[in-house]
Amino acid sequence: MSPSTPEQPSLSPFSVINVGAELFAEALRSQGVTVTSVAWRPPAGDPALLARLLADPVIDRANEIAVGRMLAAEPVLVDVQPARTLIPLFREAEGGYALLHAGPPISWERMCGPMRGAIIGACLYEGWAGNEEEATQLVETGSITFAPCHHYNAVGPMAGIVSPSMPLLIVEDRVHGNRTFAPLNEGLGKVLRYGAYAPEVIERLRWMQEVLGPALSRALRHIGGLDLRSLLAQALHMGDEGHNRNKAATSLFLRQLAPALVETGTSSAETASVLRFIASNDHFHLNPSMAAAKAMTLAGSNVPNSSVVVTMARNGVDFGIRVSGLGERWFVGPAQSIQGLYFAGFGPEDANPDIGDSAITETAGLGAFAMAGAPAIVQFIGGTPADALRYTREMYALTVTTNPQFSLPSLNFQGTPTGIDIRQVCRLNLPPVINTGIAHRLPGIGQVGAGIVHPPMACFISALQALADSRQAT
Amino acid sequence: MVIQAQVRRRTYVDSITLMQIATALKGLPGVENAAAVMATEANLQLLAETGLHPGGVTAGAEDLLLVVKATMPEAAEQALQAAEELLTARQPKKTLLHDGEFALAASPQPPHSLEEAVRRQPEARLAMISVPGPYAALEAELALRAGLHVFLFSDNVPLQEEIALKQLAQQRGLLLMGPDCGTALLHGVGLGFVNVVPRGPIGIVGASGTGIQQVMSLIAQQGSGVSQVIGSGGRDLSREVGALTTLAGIRLLLEDEDTRVIVLVSKPPAPEVAARVIEEAASGSKAVVTCFLGADHEALEQRYGSRVVVARTLTDAATLAVQLAATPASYHAATTPAGAIAARLERLRQTCAVSSASGHLVGLFAGGTLCDEAMQLWSALLGPIYSNIPLEPAWRLHESSLTALPGHCAIDFGADEYTRGRPHPMIDPSQRLQALETVADQPRVAVVLLDLVLGYCAHPDPAAIYAPVIAELRRRGPRPAIVVSLCGTEGDPQRLSVQAARLQEAGATVLMSNAEAALHCVQLLYEQEESGSVA
């Protein structure tokens, strides 16, 4: 076989891609050649290993299957029920003393301030302790079992603490039959997910358990479930990205559920309190969105040989990812600090490192990956609408596919980038971008700002190595 | 003296640009030394060795590190500020948006990957790759898999990776030029360090960049032209690689309608590789000229002389190729007259008796192959030629010996020990200029030979740098004589005639043939001895 020569420049313009020194590109341009220069930077991890994995067609096929399942998932919000009926751990743990938390596994000793505060709050809420000292003692004597929400197909924003009595949203994937869960959003200010445990926090949690949860359950059953994929698709066209901006999704949620809430309500005063609570919280729909995103990524999990990321989650100390072809194994690195804007009176010195399961939205192609649809919130990162487009555009380089159901008008209705491939993350040395809120590092103060953050590259480098090892073994 | 450093996190800039920035900083007032490097362990080590390591700074391989050593803190700060401006000047300009204007029109960012670039420019046919060696194979493989021919300038690619890449290219019917490929020309488009030549009947396949540039320049100067030039990389003709690219290049030239003569340029190939390469080249109806510098030419002639023309120098290869291209297709190789350089060397060998007392020849080269060619000619007449790339192991010259030369010397400033952390002398002449001043001061040095290579990617105006230094040397006295081997063409951005005139005006003898320049140096030495001007 003999090489074919590049075509005559007179017939088709001689056309070159330049990777490296710009000197060569300039010399070609001065000869009238079309040159695209790559903004190259050294890859992360072992380049020989990367070359092998990138050339592996088995991985490509596995990834097609994984993202195919993610896109096929049909997350429907069907009900709200107490966590103890949904999470097996709460039945298995001795005395029922168990709590779920955000991110990869972590011990009490290593937990950050907001997570510790939320755990104390949960002990008070469950009546396991009468005050902070008793709660701390209970935890320190090892009486409480901790596990990541993700181990039970649940996701929780910020500290992500789920206790047995809390009502959980139930999302059903109508195609694959999976069920995923998320707690109800408490609003801003002094809330448990930011580590607050003052009496009004506990009181609100009780109201959510006794009034809000049952009301939502009745209404959802009444309408036969809410199609979250369709709701999110509409919200993206209304300026949400599904992580840091949930105004449109919350409004759509309320619009679809309000009649049923009224029809199934026990009293007009109670129904009004439910409607008022949802209407006053712009982030109410973050949690249903997270459960929907979890249902999508769960569908794409456990595809042998796939290099697609199916979990990104943080516990405020570690950032962890899980990869479809690598099962339940976590690959962790240090949680990073967030670049962003702070509310008046706060600054970077107040910030806790990255925390929460909400990065599941980016994992499913929402959040910062859909930033092109949410120009209104780029000011959080001091950016312009052009930056919003840039974030989304960059992520296409990392992902296996686009999701035609989540289309972006500003990018000519292109789907959001979906299915992060750890090979591309390492090859481009470009960690995924995540939109997120900033928690105060001390328990109970709450959100102090918002911005963007990246996972540490170490997660992806060690996952890549594990994938290479598993490919070697087959 | 103060050392100040600045770290730019997660910023990658290519080494050529960084070295240009460092060179610019060194020229600022009060700046003793400066470095701009990616903070890899190797580079940090290098900084420590040169006394530029900034203590207490933490930076990793992904971070850009700027270091300035200056007489005063203010000077260091100004230099770091200047570096900032130089780096910013590289960035694409941000599109300014009016208030309220939606940003859809904002210019897209450059692609982050080769695949992304291919998506944006699907008509691309070739990838030009010059990333650091450890990463080069990955990029080259992805380019081949994307269906692109590859010009791989990067060096330090492991041998096994080179072989695997060349096999992949072969399977895909693509051309992989390199690694360590400096020069190519396809359908009139020059790639890398290359001269501007007319289209014509001569195709070149070569393992050496400056060797190819010499041949193509001389072909153009003799009024002929070049069809295609395929660079193969320095190791292609080794036993291990087995000339995979050279053979692909030869086949391409055999099929190329514009090509009537094929020239092969390289160091001596492994014997069994030479046989395969020559068999392949001679298998078609096209005339073939081989130029294997340093090979046993008589043995080659004996074995292959009936099928190919064996040239002993780059100049002869060019001349013979031009003659062959002009003769009718019925031409038979054996009738070609011996090359002019070979003949002149023979005459000099018989007539020149140069004694050891007659002073030294010193060659200061940017082109490794040009250095090699000059050493072959000189050693045939003068015996040992000391060098950092010696013909014989016993003739090795160390960097420190520049101030006390042991005899006739030729130094390749493009070799690894001179280019680690610095631009190639074809881009940045400062190091070789310094060496010129050092050797010219030595009374035993009779003649200095410099090569200047023009063309794309080379220094935009080397005469502007060298002519003043040469003129100054001439003001000081007649010795040493300065001979310039000027490799280039009238079409080059620097213009051959303009460069030659300025160098001559400064007092240099300028020759366009490296071999002639080398022989001219011996002639000068001989004449100086005859006239008794020995120091």
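Within the stretch B:265-284, residues that are closer than 13 Å to residue B:310 by Cα and free of Cβ contacts under 8 Å to residues at least 60 places away in the same chain have Cβ atoms under 8 Å from residues that are surrounded by fewer than 17 Cβ atoms within 10 Å (Cβ to Cβ) and of a type outside the set (Lys, Arg) in these pairs: B:268/B:294; B:268/B:296; B:274/B:268, counting only partners at least 6 apart in sequence or on another chain. Taking the stretch B:434-535 and the strands (runs of 3 or more DSSP E) fully enclosed by it, the elements with 1 or more residues that are without any contact (Cβ under 8 Å) to a residue 60 or more places away in the chain, closer than 20 Å to residue B:362 by Cα and away from chain A (no Cβ under 14 Å) are at B:481-487, B:509-511.
Looking across the stretch B:244-279, the residues that are of a type in the set (Gly, Ala, Ser) and away from chain A (no Cβ under 14 Å) come down to B:266, B:270, B:274, B:275. A single member of A:145, A:141, A:180 is β-branched (Val, Ile, Thr) and without any contact (Cβ under 8 Å) to a residue 24 or more places away in the chain, and it is A:141. Would you confirm, using the coordinates I've provided, whether residue A:20 is facing another protein chain (nearest Cβ under 7 Å), on the phi > 0 side of the Ramachandran plot, at pLDDT 90 or above and surrounded by 20 or more Cβ atoms within 10 Å (Cβ to Cβ)? So residue A:20 fits the description; yes. When the test is whether a residue is out of contact with any Phe, Trp or Tyr (no Cβ under 8 Å at 6 or more places or on another chain), crowded, with 24+ Cβ neighbours inside 10 Å and within 14 Å of chain B (Cβ to nearest Cβ), residue A:374 passes it. The number of residues in the stretch B:1-20 being assigned to a helix (DSSP H, G or I) and touching a His at 6+ places or on another chain (Cβ under 9 Å) comes to 1.
Here the condition is being over 14 Å from residue B:252 (Cβ atoms) and in contact (Cβ under 8 Å) with a residue 40 or more places away in the chain; of B:167, B:171, it holds for B:167 alone. Looking at residue A:369, is it assigned to a helix (DSSP H, G or I) and touching an Asp or Glu at 6+ places or on another chain (Cβ under 7 Å)? Spelling it out, residue A:369 is indeed assigned to a helix (DSSP H, G or I) and touching an Asp or Glu at 6+ places or on another chain (Cβ under 7 Å). Of all the numbered requirements in (1) in contact with a Gly (Cβ under 9 Å, 6 or more places away or on another chain); (2) among the acidic types (Asp, Glu); (3) farther than 30 Å from residue A:121 by Cα, residue A:172 misses one, and that requirement is (3). All of A:187, A:142 fail the test of being at pLDDT below 95 and closer than 20 Å to residue A:213 by Cβ, apart from A:187. Taking the criterion of being within 7 Å of chain B (Cβ to nearest Cβ) and either crowded, with 23+ Cβ neighbours inside 10 Å or small (Gly, Ala, Ser) (or both), the residues of the stretch A:29-45 that qualify are A:37, A:38, A:39, A:40, A:43. Applying the criterion of at least 3 residues that are under 17 Å from residue A:309 (Cα atoms) and either assigned by TED's automatic domain parsing to the domain that holds residue A:345 or charged (D, E, K, R) (or both) to the strands (runs of 3 or more DSSP E) found wholly in the stretch A:402-474 leaves A:414-420. Filtered by the rule that a residue be over 24 Å from residue A:438 (Cβ atoms) and out of contact with any helix residue (DSSP H, G or I) (no Cβ under 9 Å at 6 or more places or on another chain), the stretch A:310-332 gives a lone residue, A:327.
The residue list A:386, A:299, A:292 contains one member that is modelled with pLDDT under 95, within 30 Å of residue A:411 (Cβ to Cβ) and in contact with a helix residue (DSSP H, G or I) (Cβ under 9 Å, 6 or more places away or on another chain), which is A:386. Sub-6 Å Cβ pairs linking a first residue in the stretch A:7-31 that is closer than 11 Å to residue B:128 by Cβ to a second residue that is at pLDDT below 90, at least 6 apart or interchain, are A:20/B:14; A:21/B:14; A:21/B:16; A:23/B:16, ordered by first then second residue.
Does residue A:49 qualify as being within 8 Å of chain B (Cβ to nearest Cβ), surrounded by 16 or more Cβ atoms within 10 Å (Cβ to Cβ), at pLDDT 90 or above and assigned to a helix (DSSP H, G or I)? No, not satisfied. If you go through the stretch A:110-125 one residue at a time, do you hit one that is in the same structural domain as residue A:204 (by TED's automatic domain parsing), in a loop (DSSP other than H, G, I, E, B) and touching a helix residue (DSSP H, G or I) at 6+ places or on another chain (Cβ under 8 Å)? Yes, the stretch A:110-125 contains a residue that is in the same structural domain as residue A:204 (by TED's automatic domain parsing), in a loop (DSSP other than H, G, I, E, B) and touching a helix residue (DSSP H, G or I) at 6+ places or on another chain (Cβ under 8 Å). Within the set B:290, B:245, B:259, the sole residue that is β-branched (Val, Ile, Thr), assigned to a helix (DSSP H, G or I) and surrounded by 18 or more Cβ atoms within 10 Å (Cβ to Cβ) turns out to be B:245. Restricting attention to the stretch A:377-421, the residues that are touching a residue at least 40 places away in the same chain (Cβ under 8 Å), within 13 Å of chain B (Cβ to nearest Cβ) and closer than 18 Å to residue A:452 by Cα add up to 2.
For the stretch B:443-465, the tally of residues that are over 16 Å from residue B:504 (Cα atoms), of a type outside the set (A, V, I, L, M) and touching a strand residue (DSSP E or B) at 6+ places or on another chain (Cβ under 7 Å) stands at 4. Restricting attention to the stretch B:391-423, which residues are in contact (Cβ under 8 Å) with a residue 40 or more places away in the chain and over 23 Å from the mean Cα position of the chain (by Cα)? Hits for the stretch B:391-423 are B:405, B:407.
Scanning the stretch B:47-84 for residues that are part of a loop (DSSP other than H, G, I, E, B) and within 13 Å of residue B:3 (Cα to Cα) yields a count of 10. Among the residues of the stretch A:348-369, is there at least one that is without any contact (Cβ under 8 Å) to a residue 60 or more places away in the chain, surrounded by fewer than 20 Cβ atoms within 10 Å (Cβ to Cβ) and out of contact with any Pro (no Cβ under 9 Å at 6 or more places or on another chain)? Yes, some residue in the stretch A:348-369 is without any contact (Cβ under 8 Å) to a residue 60 or more places away in the chain, surrounded by fewer than 20 Cβ atoms within 10 Å (Cβ to Cβ) and out of contact with any Pro (no Cβ under 9 Å at 6 or more places or on another chain). Can you pull out every residue in the stretch B:117-147 that is more than 7 Å from every other protein chain (Cβ to nearest Cβ), within 15 Å of residue B:175 (Cβ to Cβ) and assigned to a loop (DSSP other than H, G, I, E, B)? B:146, B:147, listed by residue number. When residue B:152 is tested against (1) closer than 23 Å to residue B:262 by Cβ; (2) surrounded by fewer than 24 Cβ atoms within 10 Å (Cβ to Cβ); (3) facing chain A (nearest Cβ under 10 Å); (4) at pLDDT 95 or above, just one condition goes unmet, and that condition is (2). Does the stretch B:203-220 contain at least one residue that is surrounded by fewer than 24 Cβ atoms within 10 Å (Cβ to Cβ), polar (S, T, N, Q) and more than 12 Å from chain A (Cβ to nearest Cβ)? No: the stretch B:203-220 contains no residue that is surrounded by fewer than 24 Cβ atoms within 10 Å (Cβ to Cβ), polar (S, T, N, Q) and more than 12 Å from chain A (Cβ to nearest Cβ). Scanning the stretch B:3-22 for residues that are surrounded by 14 or more Cβ atoms within 10 Å (Cβ to Cβ) and within 14 Å of chain A (Cβ to nearest Cβ) turns up B:8, B:10, B:12, B:13, B:14, B:15, B:16, B:17, B:18, B:19, B:20, B:21.
The values are calculated or read from the model by the stated rules, or taken from the named source; none is laboratory data. Remember, predicted model here, so these are calculated numbers, not experimental data. Quick reminder, even Gly has a Cβ in these numbers, built from the backbone with ideal geometry, and neighbours come from all protein chains shown.
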